[in-house]
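What follows is a single structure, written as structure tokens, with notes after it.
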Amino acid sequence: MKKSTLGLAVIAAIPMFSSMQVVAAEDGAKAIEKIQVTGSRIKRSDMENASPVTLIGADDIKAMGATSIDSVLQKMTATGGAMTNPGINNGSGGNASIDLRGLGSPRTLVLVNGRRMIASGTGAASTVDLNTIPVSMIKSVEVLKDGASAVYGTDAVAGVVNIILKDDFEGLDMNVNAAITGEGDAPENSIDFTVGTSFDKGNIVIGMQYTDRGKAKQSDRDFSSCPIAEGANGLNCYGGSVYSEGGHIWQDSVIGDVNSDGESVDGDGNPITSGLAIGDNGLSGQGGLHPFTDADRYNFAPASYLYTPMERLNLTGIATYELNDDTNLFTEFTYTKRWSEQQMAAQPVWFGFEYNEAMGDSLLGQSYNSKVDRDGDGIADRDANGDYITESANYAYGDDIFYGRRMSDTGARYFEQTVDTVRAVIGAEGFVGDYSWDVSANFGRNDSVDKLSNLHNMGAIQDQITAGTFNPLDQAAWTTEDFRKNVYTEVNNGGSQLFILAASVSGEMFELPAGYAAFAAGVERRQEKAWYTPDSLTAQGLANDPAVEPTAGGFDVSEAYVEFAIPLLADAPFAQNVELSAALRAFDYSTFGSDETWKLGLTWKANDELMFRSVVSTAFRAPTVSELYSGNSPSFENVDYPGAQTQAEVTVGGNDQLTPEEADTLTAGIVYEPEWFEGLSMTLDYYDIEIENAIVTVDSQYIVEQCVNNEPNADIALCQSANASIDGTGRIIFNNQRQNIGSEKTSGYDLNLAYSFEAAGLNFKAGLDTTYLEEYVTQVTGDPTDYTGVITSSSGGYAEVKSNLSLNVAGDNWDAQYQARYISGMDSFACIGKEDTCYAPTTPSIVYHDISGTYLLNETITLSAGVNNLFDKQPPYYTGNNDSNTDPYTYDVLGRRFFASLNFKL
């Protein structure tokens with residue numbers, strides 16, 4: 001059957017991408033070409049889908065020098081937010097993720113060959129680690145930029161990434177790849193082979209890929225060589241930690257204080273107390289005791305990775321077998337073993353003790369700025385203006401001391417993950433008359449061990465201080481062999497498991513004047529469970545941080561769906577083909593009950609040049625095991641509060657009363673391929689996604705503003721739940737568990753232009769893919785927050801405009817490609833409304849330039865090479881940055897990177 005040229009433009013791609021998935025079915029003696037496009041389970045004889053889909057081919061992946069699919073997907077203009085990647089040292093756990101529309105990775109569904117992939121990574125994993133996808137085995141990737149819960153179930157809110165593996169390969173394909181930066185670090189080497197053979201009844205494909213990625217350190221780049229602070233004279237390197245080498249000492253005795261109403265007791269009659277010291281930075285023990293200054297702050301950049309190392313082994317096996325003329329058996333197997341590492345600054349420790357004679361007299365000659373109680377009433381004295389009256393006081397035996405120290409004495413913290421992920425699918429498919437059917441079982445399991453070295457048993461250390469066998473004021477005591485007995489390695493275990501039974505049937509129902517009505521229907525039964533067991537010392541809270549509780553739980557769900565494609569008009573004026581699509585899915589979860597979700601789509605093909613399309617749907621995301629059942633654990637969040645540390649200690653955890661997130665989605669667009677301009681195609685799509693009942697935690701800064709030392713709000717539910725306080729070091733502490741209290745709304749436009757032509761015996765392709773973010777607003781408590789054109793400190797950036805330009809020229813045995821990636825400038829979230837107080841309240845627009853080329857040496861050997869970030873563009877600094885003085889979620893932190901590969905094919 002002839003496919004229209006317009007149909008080929010319906011599946012809009014990043015312009016350099018041009019693959020498609022084709023499935024052949026036999027109907028008697030006549031072969032009818034069936035094309036299955038992500039977003040529908042109905043097999044069709046055309047590509048005219050109501051939803052926008054981007055295609056990425058295997059050749060496109062190679063042209064980008066990619067050895068993992070995340071480095072390709074994360075460059076799409078439709079992505080945003082916080083996508084974990086090798087540049088995330090703090091908290092990534094070695095994972096790699098995809099985030100469509102910046103709505104969060106859990107709201108993008110990842111499929112392999114149209115079936116759900118096991119969540120993977122460390123702990124009770126809840127998102128797919130893209131490291132588990134073998135790049136060498138990828139035939140193509142289809143990215144659906146539309147809600148699709150009615151077709152695929154939970155998580156398909158922002159869209160779907162369907163990774164299609166090679167299942168019909170014959171011969172041998174081997175690749176040797178190498179890459180390195182212009183600074184000579186972060187090397188990456190990989191080798192892979194794919195071998196396949198066909199026989200009378202079927203096909204077998206086996207693949208192996210091994211990847212070894214090296215590291216770069218923050219100190220190896222000028223922009224990240226020290227933590228930057230903003231001072232009166234501009235930027236300086238005093239942004240390091242107050243938990244410094246040699247120790248940091250504060251006087252921590254208390255004195256009565258009065259509240260805002262002049263009362264010296266709280267509502268329960270308890271005394272309100274605060275530290276004696278005020279306006280005093282304490283003492284530094286580095287190089288001998290002296291008043292602590294900014295120069296004593298700890299520079300954690302030399303010990304921290306800028307780009308994280310990893311080793312990965314991927315094994316894949318795919319087989320099909322023709323049981324008879326109407327039935328095929330199939331199986332898929334993938335196994336990934338990942339060894340990943342991160343390195344951060346030495347552990348900060350903090351504790352209190354009473355200064356006594358056995359600790360020596362080193363503090364007796366030191367002083368601090370102290371509040372006074374001259375009238376002896378037990379309350380700190382104030383002057384007529386309400387300010388504290390202070391005077392210089394000397395440390396004395398019996399003083400309560402608060403002590404913080406950066407444990408460089410024992411080395412940097414070293415994070416290691418060993419992750420094993422296996423997925424196996426077995427099934428059968430075939431035809432009964434004119435109807436196709438399939439049944440399958442899908443099993444996945446992920447097991448992880450993560451280690452954290454150079455931690456300290458603070459319970460034992462404090463016991464030694466109490467017993468008088470360890471003196472924290474003696475610098476030599478921190479480096480003895482006896483002290484090293486307090487150093488340990490934390491070992492945590494986690495995992496997840498998935499099992500799905502599925503069956504479906506599809507085909508044509510009856511003929512209408514405009515064509516045949518088609519349907520697809522199916523049932524699924526899914527079981528998921530996940531777990532996390534923290535190290536015993538960590539579980540007891542003996543590692544200087546609060547205790548971490550274990551996670552364990554699971555759920556099961558039964559689902560049924562039906563989908564229809566109804567032709568409404570054909571061969572009418574300005575209506576060459578008009579089709580209505582509809583889908584409905586009902587589900588019943590063991591955790592929250594039953595509900596349903598639906599989709600309606602319309603394609604209106606006016607003629608061979610022009611088509612309109614639109615989809616309205618509902619979508620949902622069920623709470624994950626981690627969100628439901630994770631134990632309480634500490635998280636350290638950046639906050640801003642006068643006189644307090646910039647990192648707050650936040651207790652986070654699960655909530656077994658959570659219910660699903662609910663979304664309304666709309667896409668509407670046009671596809672235009674003018675006959676008068678051969679080779680040109682254009683798609684323009686509008687998207688609108690509204691999420692209610694979002695599973696969120698309250699913004700940490702909002703809790704601080706509402707609940708820290710804010711008496712009028714003491715009785716509101718938020719502040720009672722948060723239980724916020726400030727300890728003796730100025731660290732803010734509060735609770736912040738997940739709740740169904742959020743809403744999010746985003747909308748924008750995707751424009752794709754592609755042009756191909758022949759000239760001078762060469763094939764040329766040019767394209768432009770652009771996403772314009774019109775709106776991205778979230779609301780949890782208080783007023784809505786608009787993230788449009790904003791970059792944050794922890795959740796990435798939301799650029800208003802992202803654009804990819806590609807130019808490609810190909811001869812008989814070679815091709816060359818140029819790409820430019822544009823990210824518009826953004827406003828720092830930390831500076832909104834107070835721009836005049838920030839040194840860098842915005843980021844500039846960024847353009848990255850990449851080049852690559854391929855040369856076919858002969859029919860067996862192909863050479864490829866390229867340079868990413870050709871002009872070595874450095875990431876921008878902005879006030880309120882994430883890490884490395886920039887945002888590694890959004891920007892390239894490595895700089896210029898060279899890559900080359902050799903392909904051997906038989």
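The values are calculated or read from the model by the stated rules, or taken from the named source; none is laboratory data. Not measured: the values here are computed from a predicted model. Neighbour counts run over all protein chains shown; Cβ positions are idealised from the backbone, glycine included.
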- line: When the stretch 750-778 is checked residue by residue, the ones that are buried (at least 17 other Cβ atoms within 10 Å of the Cβ), more than 13 Å from Thr77 (Cα to Cα) and out of contact with any Leu (no Cβ under 8 Å at 6 or more places or on another chain) are Tyr776, Thr778
task: Keeping to the stretch 451-493, report how many residues are over 21 Å from Leu537 (Cα atoms) and in contact (Cβ under 8 Å) with a residue 40 or more places away in the chain.
output: 7
query: Can you name the condition, by its number, that Phe330 falls short on among (1) surrounded by 15 or more Cβ atoms within 10 Å (Cβ to Cβ); (2) more than 34 Å from the chain's Cα centre (by Cα)?
result: (2)
message: Just the residues that are exposed (fewer than 15 other Cβ atoms within 10 Å of the Cβ) and touching a Leu at 6+ places or on another chain (Cβ under 8 Å), please, taken from the stretch 429-442.
response: Ala441
message: Considering only residues that are surrounded by 18 or more Cβ atoms within 10 Å (Cβ to Cβ), over 29 Å from the mean Cα position of the chain (by Cα) and not basic (Lys, Arg), which ones fall in the stretch 398-428?
response: Asp399, Ile401, Phe402, Tyr403, Gly404, Met407, Ser408, Asp409, Thr410, Gly427
- line: Of Gly279, Gly246, Gly269, Gly262, the only residue that is modelled with pLDDT under 90, part of a loop (DSSP other than H, G, I, E, B) and within 30 Å of Asn356 (Cα to Cα) is Gly279
- request: Among the residues of the stretch 146-160, write down those that are charged (D, E, K, R) and at pLDDT 95 or above.
  value: Asp155
field: Selected residue [of a type in the set (Ser, Thr, Tyr), touching a residue at least 60 places away in the same chain (Cβ under 8 Å) and more than 30 Å from Thr273 (Cα to Cα)] from Ser253, Ser198, Ser244, Ser190
entry: Ser190
- request: Select from the stretch 845-887 the residues that are among the hydrophobic types (A, V, I, L, M, F, W, C) and assigned to a loop (DSSP other than H, G, I, E, B) and write down the one among them that is surrounded by the fewest Cβ atoms within 10 Å (Cβ to Cβ).
  value: Phe871
task: Output the residue which, of all residues in the stretch 635-645 that are surrounded by fewer than 19 Cβ atoms within 10 Å (Cβ to Cβ) and either in contact with a His (Cβ under 8 Å, 6 or more places away or on another chain) or of a type outside the set (S, T, N, Q) (or both), is nearest to Ala119 (Cα to Cα).
output: Phe636
task: Give just the number: which of (1) assigned by TED's automatic domain parsing to the domain that holds Ile249; (2) surrounded by 14 or more Cβ atoms within 10 Å (Cβ to Cβ); (3) of a type in the set (Lys, Arg) does Arg445 not satisfy?
output: (1)
task: Determine which member of the set Thr480, Thr466, Thr489 is surrounded by fewer than 17 Cβ atoms within 10 Å (Cβ to Cβ), under 30 Å from the mean Cα position of the chain (by Cα) and hydroxyl-bearing (Ser, Thr, Tyr).
output: Thr489
task: Sort out which residues of the stretch 118-144 are of a type outside the set (Val, Ile, Thr), within 27 Å of Lys599 (Cβ to Cβ) and crowded, with 24+ Cβ neighbours inside 10 Å, and write them in order of number.
output: Ala119, Leu130, Glu142, Leu144
- prompt: Given the residues Asp325, Asp375, which is the only one that is in the same structural domain as Thr421 (by TED's automatic domain parsing) and modelled with pLDDT under 95?
  reply: Asp325
message: Looking only at residues that are touching a helix residue (DSSP H, G or I) at 6+ places or on another chain (Cβ under 7 Å) and in a loop (DSSP other than H, G, I, E, B) in the stretch 791-830, which one is nearest to Leu773 (Cα to Cα)?
response: Thr792
- prompt: Looking at the stretch 621-674, what strands (runs of 3 or more DSSP E) fall wholly within it and have at least 1 residues that are in contact with a Lys or Arg (Cβ under 7 Å, 6 or more places away or on another chain)?
  reply: 647-652, 661-672
The lone exception for Ile465 - which of (1) modelled with pLDDT of 95 or more; (2) assigned to a strand (DSSP E or B) it fails: (2)
- prompt: Taking the stretch 701-741 as the region of interest, how many residues are in contact with a helix residue (DSSP H, G or I) (Cβ under 7 Å, 6 or more places away or on another chain), modelled with pLDDT of 85 or more, of a type in the set (A, V, I, L, M, F, W, C) and part of a helix (DSSP H, G or I)?
  reply: 4
message: I'd like to check something: does the stretch 558-575 contain any residue that is in contact with a Leu (Cβ under 9 Å, 6 or more places away or on another chain), over 22 Å from Pro660 (Cβ atoms) and buried (at least 21 other Cβ atoms within 10 Å of the Cβ)?
response: yes
message: So, Phe510, is that one of a type in the set (A, V, I, L, M, F, W, C) and surrounded by 17 or more Cβ atoms within 10 Å (Cβ to Cβ) or not?
response: no
message: Given the criteria hydrophobic (A, V, I, L, M, F, W, C), in a loop (DSSP other than H, G, I, E, B) and touching a residue at least 40 places away in the same chain (Cβ under 8 Å), does Val698 qualify?
response: yes
